[in-house]
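Asks: Sharing a structure, written as structure tokens. Questions coming.
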Amino acid sequence: MGEGWAGVPSLRTEETSFDDQSPNGLLIMQNRYFAFALLLISALVVSAALAEERAERTIEEIKAEAIHRAEVGQYPLIGLDPGDVKEACDHIHTKDKDEWAAAFMGVGDRYFNEAKLLEKSDPTKANADYIRAWRLYSFGRWPIPASPGKQRAYAKAIEAFLAHARFWDPPLEVVRIPFEGSEIVAYLRLPKNAKGPVPLVIAVNGLDSRKEDLSESFAAILPYGVGFLAVDGPGTGQAPIKVSETADRMLSRVIDYVQTRPEVDKNRIAVHGVSWGAYWATKLAIVERARLKGASAQSPPVDTFFQKDFLMNSLLGNREYLFDQVPALMNIFDGVKNLDDLAASLAKMSLVKQGLLGKPTTPMLILAGVLDTQVPISDIYLLLSKGDVPKDAWINPQGGHLGRQVKVWPDPLIFKQVIIPWLVRTLNAQGVQP
């Protein structure tokens, strides 16, 4: 049986010709057309099912899924109150980006305004309100601030986060690093009562998370005598440049900067990256090997992720991602207007195509989930099999993106039980008493 139109098997045989006009010949010919029609209908049904699977959620589906994720503590709604999310969703009726932002800003404003009134009389409650407002504003701009309303939500998120950070001890320092006529904005925190230069982790966010999220998480590493500098990766947040095959130069500039700080031990610097940030952490583990003590990477894209087939069949309409993953990806590159543009830009980012995979690396921790639909596990196995030094790996057989498993391995637990211990050990941190 050969191949016919569009890969459908040909139904011709040598025994019978379609020119046969006998009753038997006509019956055979009708049966063949009927069989061909069934095959064609089946192919169209399968194609429609795949298209439906890749379709983005409707706005009602998005709202229901957002409330559910808030209830179970699932990304990107970790820490958000389900009641607040439902209240905002009640005011959303379309996929209009400004309508989305306005709904979450409306709820967030209530907490932000209350926090300002309570700062002196009840600082504990004020701080809690600022956290609540920050998370609501941040989800209002999620996944990217791609409209005027979402841009306002992002600005409010930064304002609320910095108001929350004013309550921190040791304090958070906003640093501004000159870079190519612009600046890199980052957040620095150093452990309290440290004696002498301390080790430091440069933390890089993912596609839709931000340096504010990383700063909140990395507060847990300070008691071990390790500082951190959180920075938005290229193309995200307040980063001065978009993603390109040379954009790692921005993060190399960050390493330059932290090495100038007398409080930092320049021989004990590590990098940590989440998803897209994990890509940068992996690349830095190679190109900045001499200046890094280690690199931890959660679900780093390496090669297959950057292929057009993966974009079209896995990322487009991905349901593990809440909504708009592909539009968010388009946003981090310059000049990307459609899927073909995105596919061409992604192809340049492959570490295989760049000739980097397999070169010597600094020690690495790789974290991933076998069930990840956003970064293929094959990329993780490929990375683990290359290079010159053994790598540590934490692979969750039941985990999705970043190794997450709802109610079993949520993000905070992975961070505290896997990532922090590895970084502390790799940096030879001794710890200090608060």
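The values are calculated or read from the model by the stated rules, or taken from the named source; none is laboratory data. Note that the coordinates shown come from a computational prediction; the quantities given were computed from them, not determined experimentally. Note that we place each Cβ from the backbone using ideal geometry, even for glycine, and neighbour counts take in every protein chain shown. Just so you know, the surface numbers come from the protein's heavy atoms only, side chains and all, with ligands and any DNA or RNA stripped out. Shrake-Rupley method; radii C 1.70, N 1.55, O 1.52, S 1.80 Å.
Asks: Evaluate the following for residue 101: is it more than 26 Å from residue 315 (Cα to Cα) and open to solvent by less than 20 Å² (accessible area, probe 1.4 Å)?
Replies: Values: more than 26 Å from residue 315 (Cα to Cα): no; open to solvent by less than 20 Å² (accessible area, probe 1.4 Å): yes.
In short, no.
Asks: So residue 300 clears everything in (1) without any contact (Cβ under 8 Å) to a residue 40 or more places away in the chain; (2) crowded, with 24+ Cβ neighbours inside 10 Å except one condition, right? Which one?
Replies: The failed condition is (1).
Asks: Filter segment 118-127 down to the residues that are open to solvent by 70 Å² or more (accessible area, probe 1.4 Å) and of a type in the set (S, T, N, Q) and list them by number.
Replies: 121, 124, listed by residue number.
Asks: Next question, about the same structure. For segment 136-161, which residues satisfy the criterion of being free of Cβ contacts under 8 Å to residues at least 60 places away in the same chain and among the polar types (S, T, N, Q)?
Replies: Within segment 136-161, 147, 151 qualify.
Asks: When you go through (1) touching a strand residue (DSSP E or B) at 6+ places or on another chain (Cβ under 9 Å); (2) at pLDDT 95 or above; (3) not hydroxyl-bearing (Ser, Thr, Tyr) one by one for residue 313, which number turns out not to apply?
Replies: (1)
Asks: Restricting attention to segment 183-221, which residues are of a type in the set (Gly, Ala, Ser) and over 30 Å from residue 374 (Cβ atoms)?
Replies: Scanning segment 183-221 gives 194, 196.
Asks: Follow-up question, since we're still on this one. Given the criteria free of Cβ contacts under 8 Å to residues at least 40 places away in the same chain, open to solvent by 30 Å² or more (accessible area, probe 1.4 Å) and basic (Lys, Arg), does residue 359 qualify? Show your work before the answer.
Replies: Working: free of Cβ contacts under 8 Å to residues at least 40 places away in the same chain: no; open to solvent by 30 Å² or more (accessible area, probe 1.4 Å): yes; basic (Lys, Arg): yes.
Judged against the criteria, residue 359 is not a match.
Asks: Can I ask one more? Search segment 214-227 for residues being farther than 24 Å from residue 143 by Cβ and of a type outside the set (Gly, Ala, Ser), and hand back the single one that is most open to solvent (accessible area, probe 1.4 Å).
Replies: Among them, the one singled out is 224.
Asks: Here's something else I'd like to know. Does residue 352 satisfy being at pLDDT 95 or above and open to solvent by 60 Å² or more (accessible area, probe 1.4 Å)?
Replies: Spelling it out, residue 352 is indeed at pLDDT 95 or above and open to solvent by 60 Å² or more (accessible area, probe 1.4 Å).
Asks: List the strands (runs of 3 or more DSSP E) inside segment 217-335, counting only whole elements, that have at least 2 residues being over 18 Å from residue 175 (Cα atoms).
Replies: 264-274, 294-298
Asks: While we're looking at this one, here's another question. Please find, within segment 167-213, the residue that is most open to solvent (accessible area, probe 1.4 Å) out of those that are on the phi > 0 side of the Ramachandran plot and either at pLDDT 95 or above or in a strand (DSSP E or B) (or both).
Replies: Looking at the filtered set, the residue picked out is 180.
Asks: Report yes if residue 396 is free of Cβ contacts under 8 Å to residues at least 40 places away in the same chain, of a type in the set (S, T, N, Q), more than 16 Å from residue 295 (Cα to Cα) and buried (at least 16 other Cβ atoms within 10 Å of the Cβ), otherwise no.
Replies: yes
Asks: On to the next question. Of all residues in segment 401-410, count the ones that are of a type outside the set (S, T, N, Q) and surrounded by fewer than 22 Cβ atoms within 10 Å (Cβ to Cβ). So that I can check it myself, show each step before the final result.
Replies: As a first pass, look at segment 401-410 and keep what is of a type outside the set (S, T, N, Q): 401-404, 406-410.
Applying the additional criterion that residues be surrounded by fewer than 22 Cβ atoms within 10 Å (Cβ to Cβ) yields 401, 406-410.
Of the residues in segment 401-410, 6 are of a type outside the set (S, T, N, Q) and surrounded by fewer than 22 Cβ atoms within 10 Å (Cβ to Cβ).
Each row is one residue, and each column tells you yes or no for (1) part of a helix (DSSP H, G or I); (2) of a type in the set (Lys, Arg); (3) surrounded by fewer than 21 Cβ atoms within 10 Å (Cβ to Cβ).
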position	(1), (2), (3)
61	yes, no, yes
64	yes, no, yes
74	no, no, yes
78	no, no, yes
88	yes, no, no
107	yes, no, no
116	yes, yes, yes
138	yes, no, no
